[in-house]
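As structure tokens, the structure follows; a few thoughts come after it.
The values are calculated or read from the model by the stated rules, or taken from the named source; none is laboratory data. This is a predicted model, so every value here is computed, not measured. Glycine also receives a Cβ, built like all others from the backbone with ideal geometry; neighbour counts cover every protein chain displayed.
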Amino acid sequence: MLCATGPLLATGAETTLPAQPRVRGSALRCRRRELHFPGDPELPFCDFLAWRLTRPSVPPGRRATLRRGRMPPVVGGGLAGSELRPRRGRCVPPAARAAGRAAAAEDAARSPKRPAGGSRRFEVAGGWALLALVTLLSFATRFYRLDQPPHICWDETHFGKMGSYYINRTFFFDVHPPLGKFCAFLGSWLIPFAYLTVWELSKSFPAALVTAALLIFDTGCLTLSQYILLDPILMFFIMAAMLSMVKYNSCADRPFSAPWWFWLSLTGISLAAAIGVKFVGLFIILQVGLNTISELWHLFGDLSLSLVTVGKHLTARVLCLIALPLALYTATFAVHFMVLNKSGPGDGFFSSAFQARLSGNNLHNASFPEHLAYGSVITVKNLRMASGYLHSHRHLYPEGIGARQQQVTTYLHKDYNNLWIIKKHNTNSDPLDPSLPVEFVRHGDIIRLEHKETSRNLHSHYHEAPLTRKHYQVTGYGINGTGDSNDFWRIEVVNRKFGNRIKVLRSRIRLIHLVTGCVLGSSGKSLPKWGWEQLEVTCTPFLKETLNSIWNVEDHFNPKLPNISLDVLKPSFPEILLESHMVMIRGNNGLKPKDSDFTSKPWHWPINYQGLRFSGINDTDFRVYLLGNPVVWWLNLLSIVLYLLLGGIITFALQRGVHLPAEVEGLSQVLLRGGGQVLLGWMLHYFPFFLMGRILYFHHYFPAMLFSCMLTGILWDTLLRLCAWCLASSSLARGIHAVGILSLLLGTAYSFYLFHPLAYGMVGPSAQSPQSPMAGLRWLESWDF
Amino acid sequence: MKPLGIVPGGWVKPQGQKRVPRKVQSCREEGILLSLLFYKMLGILNRPIVVTADINLNFVALAGMGLLSRLWRLTYPRAVVFDEVYYGQYISFYMKRIFFLDGSGPPLGHMLLALGGYLGGFDGNFLWNRIGAEYSNNVPVWSLRLLPALSGAFSVPMAYQIVSELSFSHCAAMGAALLILIENALITQSRLILLESVLIFCNLLAVLSYLKFSNSQKHSPFSLSWWFWLILTGVACSCAVGIKYTGVFTYLLLLSVAAVQAWHVIGDQTLSSVCVFCHLVARAVALLVIPVIMYLLFFYVHLILLYRSGPHDQIMSSAFQASLEGGLARITQGQPLEVAYGSQVTLRNVFGKPMPCWLHSHQNTYPMIYENGRGSSHQQQVTCYPFKDVNNWWIVKDPGRHQLVVNNPLKPVRHGDIVQLVHGLTTRFLNTHDVAAPVSPHSQEVSCYIDYNISMPVQNLWRLDIINRETDTDIWKTILSEVRFVHVNTSAILKWRMLTLKSDDSEHKYSSTPLEWVTLDTNIIYWLHPRTSAQIHLLGNLVIWASASLATLVYVLLFCWYLLRRRRNVCDLPEDCWLRWVLAGSLCGGGWAVNYLPFFLMEKTLFLYHYLPALTFQIILLPVVMQHVRDHLCRSQLQRNVFSALIVAWYSTACHVFNTLRPLTYGDKSLSASELKALRWKDSWDILIRKH
């Protein structure tokens, strides 16, 4: 839309339409055209719209010209609105452009210019007015009753876990009011975006209008936009990327022009933003990637283009779609790291090196004794990312889970219970006694690790570990440091680089249990409630070298040794970036489903099987229930099936070499190209969820739902036009398209009227009881509102 | 003389086959086709049946070598080797006709192995409990191991056939077969009672028959051999899926190749619509309907064969168990159908996730205070127990009467009746109250009351809710009725849930990750001689693995290069050569990809042997790439000769590696510690060295 600015329009019209002012012919010509194309389905509806929009000012003659101007879209089938193109038109596919020119030339040959120009202006005005109307409606619906309910909604504990990884998330939840407006603002833009995308793909206002109506009147989208979640932001950027991709595709006839560059780089920026918000943004990247590959493939096969030109195309895309987003993405992280350079509760998730750059962390500008000696108090960190410190506490393993001895776990947070004293295996004398010489720990030594707070020894034995089968249990054992031979561990340095001594932070060590020969490791699995959901520590008999069984010494206190400033830990930016991503991915994967009513299966989503309680449970509460408008959703579902059917039939016919009439050809192009593009989007945003093992929620479907709505718009518009074309002979034909579109619009609007309390909140008994305001609307047993 | 339509394998070629008249090929109408078929049949009656066969000696020689390498000393070692311990127990179940269901795979593979046992007269009496245990005399080791060995042996000539059907040279075809022949891992795997070699055989058979089918598509569609190969493709695919679910990957690959070719048939405008329709229907029947039917058939046979009750009964529904001989049927025989007040019942959870269990109670009480500080009622525990036990018995009591005995006349329990449930052994009532349940705090605790005075009133009335009732006055029936108990006071539903500690076998001593497979960074010790250091390993021929991976890479690069150049209208290869190259790549390279890449997404324990089906396809691609390089990339005759010489040298290296690793493949020779150390070419390989 943006490339069709006012002056541009005017010049375009002038250049493509040489002036042939003949005012009188217009009405006549109009009739001729009507005769020629009797089955103009768009006519009445557009007339209706145009009439409504222009009634006060347009005299009857003008109206007639308007009518004429409206006709070609139908005829041109998919290239509906070809009249529009020369004017809108700097950004038009070549074929369409050619067709547009032909139409324009024809026009020019037989029609008066001024009325044509006037009609166009009205048409444009109508287009803009429609857009404005749509935008207005979407803003109105999104901002209506935005301040209710005033408390924080939906279960944040699920996000809470992730919250510490997505640190920006935490302040989203804190700052409620301004952010709510911001979310609703972004959510409102989804609809104009979808409208423009569909218009660009189908060049048909009714299709765009249907899409917009579906989205405006969908309670699910509405609810989601009104609350402070990441989803409206994500959806905003997904749609922005989609729109700018479609826009730059339609600029393909003028590559390297300013709008082309503009839309291309805007695509890149939106992509970066989308993935920066949530990893689900990956799917839109995939879609843009596939689209770009197919585009490049076409360019590459176009022998009229030299390889240099193709190379330019390639470079432009690499720059705008890879380099630019990557730079932006890393920049956001750079900012993120720069802003958050203070120590916080999430430190333990990261490696020692990472922590060293956080001011306030004890590793920041730290100075420790460099080599480990007997009697040192240390913390031991697992090298696997987000695995934590070796930890023990006074609680025992519960009955039935191994021996009833003190628990040993790994813990992600810094704590006094992470401190261990390193001792010789055979003496219990205090090595810190100043009379004794300092004795360093060396590779291969047999040691004992005594837990500082509870004075129990790190211990293992032939009992099965609590969670991991075939591994041995690790416990704290003994009283005041006196235990048995199962407390002896051999300390080994992996890849010895620094001689036999053990360096703080830098030596990678393994602890091998002397009696059973197993290796101390963290399995990375969370213990149940009795273990405070800390991570399990086991002794693994499988001697494979994985990060799970490698540790490093992090804090080190020994009064007998001099502290040395450790300036070794300056990780580079790429290292930080990589590590934080690893931690995030692990965090995401760690969100395994538990028994919770909120979890839902991907197959539930398109059928709107089950909603999500946003707030309120009891009858008297103000309740908001995230559920799609069933009419919209089931229409979407039906449309996908119909689309596959219709698309299949058309493709089959084409492959069999059936010659389609020109109108049907045009419509089928829209259906296959535009619809295919959108269908791909739907599939990419939906099917990957079937493969995900993590916990899933209903609201994950909404990006896919956007695409589904766009598909519905394109499908029904095309389908109705096809029907109109089939029935061209009968008088029904004229109305069928308009009536169809109107009934879709009104139907969705009415269903929204029925279901709007879902989003705007309901009070009173739940829908089972007949007194409820929602009585009779509980169409599925599984909805509980 | 008339040709016999069916050509059993490429090695027997009918001579002087009269071409089917041209007009059939245009196949204007099906009617013509049918009448022609009929005419052909009449022709068979009219003339003497003569079969002339020419025998491809290459093929025979390859089959012979394959048999020799796989069958040599097959009964050695006469002990349980690796996963034989796993498959063996199922063979014993088959021999004893005891019902089982292996959760990890469909039954065909087990059935085929059991067939070997059946033919060898195995009575199933062997305790499969330990790897390395000696087989007793009643175990027919040879016939048990015969089927996998034969499959492995015939994979060798099959590779030959596939490459020649891809219309590459006989040298390339021989090369493929010879490489399969000396691949140590394939040999090891096919000499034991394991299923991979059978799976590989079925995969190759499916690919081969599809190739034969698509080759006969060009000149004689709807001929008998066309039908034969088409149907054989479907059958082989269903067998592959029936042996192991991973066979589905090859099936999907063939389906997609068939779909692409069918799409070309649709686009062929010289064919009439009826003819296209016939083509599509034929493919759909052979490649979709037949496999489904076959798959169902496997299960049907499985259930027919196994009619005795056994330890796996419990995973099935009660109704099914009642149909097994000696199972629930024995108990339910003569037991009343209708439940009446005073009946003694066991209550089994219908859906049985994670495993089916019975409502159970025992003397122990809930702990006063849980670990997390919540309190409990300290009443007798009610649990769900997955094993049959006397503590699973409950008595249905009428709240209005005091006696527990069945009253006369019988008063059946109907839907909506209020009942009490009395635990048989402890005579406590099933009760629930507004106390948080031990594990799911959102639910109410269910207990059996010991002492009613303890602080809470009795709340032990339950309303019976028969879910699958037909009318509202239905009687509660044994086994058939699915019931819910709704608590009268709180209208909570009795839910009993099994909470077991999550059992995951994600780690095994020899488990590995898919990335380690390509470079052969891992091996599996299958067996170690109890006294000497003779041992059997699953260990591949390193030269072949490395070159096969390299060949795949070369293929991909060359393919991309050609594709890009063709896009710019530069055709390096003639059209038919290009099509051949693409087909070879999509079947062999694609076969490798579909059998390998999905493992990255799998969460189950993975072993090196999961890679073998993919490897087989990769090995077949290797000579194809080599021939291509020699024919198209070597410019001069000299270069070609040099390249051929290099290939010979390379193949002899592969042979040498095979020979070196042979003691670990067959386990026939006890090597000294230093020899074993010398064989440990990679640090990540585990080779057992005895300490004396």
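So the values come out like this:
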item: Residue among B:267, B:326 that alone is closer than 30 Å to residue B:385 by Cβ and modelled with pLDDT under 95; result: B:326
item: Count - residues of segment B:133-171 that are over 25 Å from the mean Cα position of the chain (by Cα), surrounded by fewer than 24 Cβ atoms within 10 Å (Cβ to Cβ) and in a helix (DSSP H, G or I); result: 4
item: Scan of segment A:681-729 for residues that are of a type in the set (Lys, Arg) and in a loop (DSSP other than H, G, I, E, B), ordered by number; result: A:694
item: Filtered residues of segment B:268-293 (kept if away from chain A (no Cβ under 14 Å) and either surrounded by fewer than 18 Cβ atoms within 10 Å (Cβ to Cβ) or over 22 Å from residue B:211 (Cβ atoms) (or both)); result: B:281, B:282, B:284, B:285, B:288, B:289, B:292, B:293
item: Count of segment A:692-707 residues which are farther than 10 Å from residue A:628 by Cβ and of a type in the set (A, V, I, L, M, F, W, C); result: 6
item: Search result, residues across segment A:647-668 that are away from every other protein chain (no Cβ under 14 Å) and buried (at least 19 other Cβ atoms within 10 Å of the Cβ); result: A:663, A:664, A:666, A:667, A:668
item: Residue A:259 being buried (at least 16 other Cβ atoms within 10 Å of the Cβ) and outside any helix (DSSP H, G or I); result: no
item: Qualifying residue in segment A:473-490 (condition: among the charged types (D, E, K, R), under 47 Å from the mean Cα position of the chain (by Cα) and either over 20 Å from residue A:502 (Cα atoms) or within 14 Å of chain B (Cβ to nearest Cβ) (or both)); result: no
item: Answer from B:558, B:583, B:563 - the residue that is in a helix (DSSP H, G or I) and either modelled with pLDDT under 90 or within 14 Å of chain A (Cβ to nearest Cβ) (or both); result: B:563
item: Single residue of segment B:243-267 satisfying the filter (within 14 Å of chain A (Cβ to nearest Cβ) and touching a Lys or Arg at 6+ places or on another chain (Cβ under 8 Å)) that is surrounded by the most Cβ atoms within 10 Å (Cβ to Cβ); result: B:266
item: Residue selected from segment A:405-426 under the condition among the polar types (S, T, N, Q) and over 23 Å from residue A:464 (Cα atoms), by the criterion farthest from the other protein chains (Cβ to nearest Cβ); result: A:426
item: Failed criterion for residue B:203 (all others in (1) at pLDDT below 95; (2) among the polar types (S, T, N, Q); (3) crowded, with 22+ Cβ neighbours inside 10 Å hold); result: (1)
item: Qualifying residue in segment A:438-451 (condition: over 25 Å from residue A:496 (Cβ atoms), in contact with a Lys or Arg (Cβ under 8 Å, 6 or more places away or on another chain) and of a type in the set (D, E, K, R)); result: yes
item: Residue within segment A:510-521 that is surrounded by fewer than 23 Cβ atoms within 10 Å (Cβ to Cβ), under 23 Å from residue A:411 (Cα atoms) and under 41 Å from the mean Cα position of the chain (by Cα) present; result: yes
item: Residue under evaluation residue A:461, criteria (1) farther than 29 Å from residue A:371 by Cβ; (2) within 14 Å of another protein chain (Cβ to nearest Cβ); (3) touching a residue at least 40 places away in the same chain (Cβ under 8 Å), criterion not met; result: (2)
item: So residue A:451, is it away from chain B (no Cβ under 14 Å), buried (at least 17 other Cβ atoms within 10 Å of the Cβ) and within 22 Å of residue A:513 (Cα to Cα); result: yes
item: Among the candidates A:388, A:375, A:402, residue that is in contact (Cβ under 8 Å) with a residue 40 or more places away in the chain, on the phi > 0 side of the Ramachandran plot, away from every other protein chain (no Cβ under 14 Å) and out of contact with any Gly (no Cβ under 6 Å at 6 or more places or on another chain); result: A:375
item: Index of the failed condition, residue A:279 passing every other in (1) surrounded by fewer than 18 Cβ atoms within 10 Å (Cβ to Cβ); (2) in contact (Cβ under 8 Å) with a residue 40 or more places away in the chain; (3) closer than 16 Å to residue A:250 by Cα; result: (3)
item: Identity of the residue in segment B:596-644, assigned to a helix (DSSP H, G or I) and of a type in the set (Phe, Trp, Tyr), that ends up nearest to the other protein chains (Cβ to nearest Cβ); result: B:600
item: Condition met for residue A:348 (surrounded by 13 or more Cβ atoms within 10 Å (Cβ to Cβ), at pLDDT 85 or above and farther than 20 Å from residue A:254 by Cβ); result: no
item: Every pair of residues 6+ apart whose Cβ atoms lie under 8 Å, when the first sits in segment A:287-301 and is within 13 Å of another protein chain (Cβ to nearest Cβ) while the second is surrounded by 20 or more Cβ atoms within 10 Å (Cβ to Cβ); result: A:296/A:317
item: Matching residues, segment A:528-578, being assigned to a helix (DSSP H, G or I), within 14 Å of chain B (Cβ to nearest Cβ) and out of contact with any Gly (no Cβ under 8 Å at 6 or more places or on another chain); result: A:529, A:530, A:531, A:547
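For every residue, the table says whether it meets (1) surrounded by 21 or more Cβ atoms within 10 Å (Cβ to Cβ); (2) over 23 Å from residue A:451 (Cα atoms); (3) modelled with pLDDT of 70 or more; (4) not charged (D, E, K, R).
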{"site": "A:362", "(1), (2), (3), (4)": "no, no, no, yes"}
{"site": "A:371", "(1), (2), (3), (4)": "yes, no, yes, yes"}
{"site": "A:383", "(1), (2), (3), (4)": "no, no, yes, yes"}
{"site": "A:390", "(1), (2), (3), (4)": "yes, no, yes, yes"}
{"site": "A:396", "(1), (2), (3), (4)": "no, no, yes, yes"}
{"site": "A:399", "(1), (2), (3), (4)": "no, no, yes, no"}
